[in-house]
Amino acid sequence: QVQLVESGGGLVQPGGSLTLSCAVSGFSLDYYAIGWFRQPPGKERERISCISMSEDSTWYADSVKGRFTISRDKPKNTVYLQMNSLTSAATAVYYCASYSALPYYHARCDFPDGYDFWGQGTQVTVSS
């Protein structure tokens with residue numbers, strides 16, 4: 001079964017940095033993409049980044065572009081989200097999720113919907 005587990009959340013000072021990890025298991029082939037989502041208190045969930053595991057492509061929301069960096073370690077089946085210059089606006093539950101493609105079709109980050117499997121989330125709190 002496909003499983004995704006987030007880690008790395010916690011309390012961080014304003015202006016600080018934090019790196020989240022998403023460990024993925026259960027895929028027999030690498031034709032999928034991993035998206036990062038966040039949901040601040042009282043607000044809707046939004047997609048903030050995405051990376052394909054089958055091609056070299058990434059996507060960032062305007063709200064995090066230039067400050068967040070998504071990366072992958074394919075041998076470890078792990079995706080990372082490096083977050084810099086954090087403010088209180090980044091306080092949220094962060095989720096990773098997978099977008100599946102048919103075998104031998106590249107998974108792309110073009111679409112905000114259609115993510116099939118989700119992690120349980122990790123809390124990030126930016127506060128002094």
Residues of region 89-105 being under 15 Å from residue 45 (Cβ atoms) and in a loop (DSSP other than H, G, I, E, B), which ones? 91
All positions within region 1-24 that are more than 30 Å from residue 104 (Cα to Cα) and not in a strand (DSSP E or B): 8, 9, 13, 14, 15, 16, 17
Those residues that are touching a Cys at 6+ places or on another chain (Cβ under 6 Å) and open to solvent by 70 Å² or more (accessible area, probe 1.4 Å), I need them from region 40-63; list them, please. 59
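Being open to solvent by less than 70 Å² (accessible area, probe 1.4 Å), part of a loop (DSSP other than H, G, I, E, B), closer than 19 Å to residue 6 by Cβ and touching a residue at least 60 places away in the same chain (Cβ under 8 Å) narrows it down to one of 27, 37, so name that one. Give the steps one after another, and end with the answer.
Details: 37 fails: part of a loop (DSSP other than H, G, I, E, B).
Within the list 27, 37, the selection yields 27.
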Out of (1) outside any loop (DSSP other than H, G, I, E, B); (2) open to solvent by less than 50 Å² (accessible area, probe 1.4 Å), what's the single condition that is false for residue 86? (1)
Quick one: in region 1-24, of everything that is more than 12 Å from the chain's Cα centre (by Cα) and among the polar types (S, T, N, Q), which residue is most open to solvent (accessible area, probe 1.4 Å)? 1
What number goes with the only condition from (1) part of a strand (DSSP E or B); (2) open to solvent by 60 Å² or more (accessible area, probe 1.4 Å); (3) not hydrophobic (A, V, I, L, M, F, W, C) that residue 71 does not pass? (2)
Test each condition in (1) of a type in the set (Gly, Ala, Ser); (2) open to solvent by less than 50 Å² (accessible area, probe 1.4 Å); (3) modelled with pLDDT of 95 or more; (4) not in a strand (DSSP E or B) for residue 66 and report the one that comes out false. (2)
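Taking the conditions exactly as written (under 19 Å from residue 14 (Cβ atoms), surrounded by fewer than 19 Cβ atoms within 10 Å (Cβ to Cβ) and polar (S, T, N, Q)), does residue 77 satisfy them or not? First the steps, then the outcome.
Details: under 19 Å from residue 14 (Cβ atoms): no; surrounded by fewer than 19 Cβ atoms within 10 Å (Cβ to Cβ): yes; polar (S, T, N, Q): yes.
For residue 77, the condition - under 19 Å from residue 14 (Cβ atoms), surrounded by fewer than 19 Cβ atoms within 10 Å (Cβ to Cβ) and polar (S, T, N, Q) - is not met.
The values are calculated or read from the model by the stated rules, or taken from the named source; none is laboratory data. Treat the numbers as computed from the prediction; the structure is a model and nothing was measured. With ideal geometry, Cβ positions are generated from the backbone for all residues, glycine too; neighbour counts draw on all protein chains shown. Just the protein is used for accessible areas: all its heavy atoms, side chains included, with ligands, DNA and RNA removed. Shrake-Rupley method; radii C 1.70, N 1.55, O 1.52, S 1.80 Å.
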